[in-house]
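Structure, as structure tokens:
The values are calculated or read from the model by the stated rules, or taken from the named source; none is laboratory data. Here the structure is a predicted model, which means the values were calculated and not measured. Virtual Cβ from ideal backbone geometry, glycine too; neighbours counted across all protein chains shown.
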Amino acid sequence: MSDSKPPNPVRHNPFQKHLCCPSCGKELVTAHEKHENICGELKCRGPWLQRKVAAENEEIRAKQAALLEGARERLRETSPDVFSRTESGELRLIVVPDFDAEMAQQSDERIAAFRSMLEELMVEAQATTQNAYRVKYLLSGYEPRDKDQSSTAILNACSTCRGQCCRMGHLHAFITADFLAYRLVHEEDADPEAIIDDYIDRIPEKSLNESCLYHTTTGCAMPREVRSGTCNDFLCLGFRAHKESIQDDPDQPTAVMAFADEEYVRLGVTEADGTRTERDLCEPADPKVG
Ligand code: SF4
Ligand code: SF4
Ligand SMILES: [Zn+2]
């Protein structure tokens, strides 16, 4: 069979003794091969992986396009003034997720667990700084993006979303041994214990339930220069389609809609002078916005 043709689908049948690779016909042996219905040979697995990634990307692209179309409709209904400005290109329309949680007191156990994680990572980081090859990589490779300031477009998006991606930083704030090693080799007179104490001192008394220790209603309690590379570099799906435009014009005016549970819940608008207004889309329209 030619590689350009998709293989015939083979159904998993628990009563069938031998499953065969749909590309080369060889018997599938491992549980992994059977689960994925393709053998481990590169000539079969390579094209299969390419098709899989292409299908996943197409699915994501279609989902994002549907979200954007839904956002246009909702904007037309709730905020016709903003809608006309997005249609004319005056405001860039972006759809982001939404995060909604209550503030809760930080527990001593949580802080202690975070400190012990930092201590373990710091031991690993110090070992990394003894390895000349890794130090060379750390010195040449990584520089956190936007460590000094964010663009107005990004600030509007993340403020309207309220930090859905920070939820995943629940107990670790995305701090890694490599990031601590990066700090050790880049900061003059870096003191491992002082770095750990500083992270602990910066933990706010209360943070948003079910999210990162530093996540508050007013954003991240940690300054950008000591946030992990993941925190400084991450762009969610809603953003990626606008990445180039935002890189070219970081402070361009934007209309950002936050989406949750089949609903557009919030609209944030930034103007050319940097002013930002926000509207709750679940409430009756507020004529001040836009
Ligand atoms: S990067 Fe995306 S998910 Fe994370 S806070 Fe910003 S808008 Fe939300
Ligand atoms: S450190 Fe800040 S930016 Fe990073 S996950 Fe926590 S709250 Fe979000
Ligand atoms: Zn095969």
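Okay, residues lined up against (1) within 16 Å of ligand 1 (Cβ to nearest atom); (2) at pLDDT below 90; (3) assigned to a loop (DSSP other than H, G, I, E, B); (4) surrounded by fewer than 13 Cβ atoms within 10 Å (Cβ to Cβ):
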residue: 14; (1), (2), (3), (4): no, yes, yes, yes
residue: 17; (1), (2), (3), (4): no, yes, yes, yes
residue: 25; (1), (2), (3), (4): no, no, yes, yes
residue: 34; (1), (2), (3), (4): no, no, no, no
residue: 39; (1), (2), (3), (4): no, no, yes, no
residue: 53; (1), (2), (3), (4): no, no, no, yes
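Quick one: is residue 166 surrounded by 12 or more Cβ atoms within 10 Å (Cβ to Cβ), in contact with a His (Cβ under 6 Å, 6 or more places away or on another chain) and in contact (Cβ under 8 Å) with a residue 40 or more places away in the chain?
Judged against the criteria, residue 166 is a match.
Taking the condition within 18 Å of residue 85 (Cβ to Cβ), crowded, with 19+ Cβ neighbours inside 10 Å and not β-branched (Val, Ile, Thr), does residue 238 pass?
no
How many residues does region 169-190 contain that are in contact with a helix residue (DSSP H, G or I) (Cβ under 9 Å, 6 or more places away or on another chain) and either under 30 Å from residue 281 (Cα atoms) or in a loop (DSSP other than H, G, I, E, B) (or both)? Even if it seems obvious, please write down each step before you answer.
Looking only at region 169-190, we keep the residues that are in contact with a helix residue (DSSP H, G or I) (Cβ under 9 Å, 6 or more places away or on another chain), and these are 169, 171-187, 190.
Filter again for either under 30 Å from residue 281 (Cα atoms) or in a loop (DSSP other than H, G, I, E, B) (or both), leaving 169, 171-176, 187, 190.
Residues meeting the conditions: 9.
Report the residue count in region 219-256 for those that are outside any helix (DSSP H, G or I), of a type in the set (A, V, I, L, M, F, W, C) and within 16 Å of ligand 2 (Cβ to nearest atom). Break it down stepwise before answering.
Residues of region 219-256 that are outside any helix (DSSP H, G or I), as a first pass: 219-223, 227-228, 234-236, 241-242, 249-256.
This time we only want the ones that are of a type in the set (A, V, I, L, M, F, W, C), so: 220-222, 234-236, 241, 255-256.
With the extra rule that they be within 16 Å of ligand 2 (Cβ to nearest atom), the set shrinks to 220-222, 234-236.
Adding up the residues that qualify gives 6.
Would you mention how many residues in region 83-108 are in a helix (DSSP H, G or I) and either at positive phi or in the same structural domain as residue 163 (by TED's automatic domain parsing) (or both)?
Initially, region 83-108 is screened for residues in a helix (DSSP H, G or I), giving 83-87, 108.
Cutting the leftovers down to either at positive phi or in the same structural domain as residue 163 (by TED's automatic domain parsing) (or both) gives us 108.
So the count comes out to 1.
As an exercise: evaluate residue 192 against (1) surrounded by 15 or more Cβ atoms within 10 Å (Cβ to Cβ); (2) within 16 Å of ligand 2 (Cβ to nearest atom) and give the number of the one condition it does not meet.
Condition not satisfied by residue 192: (2).
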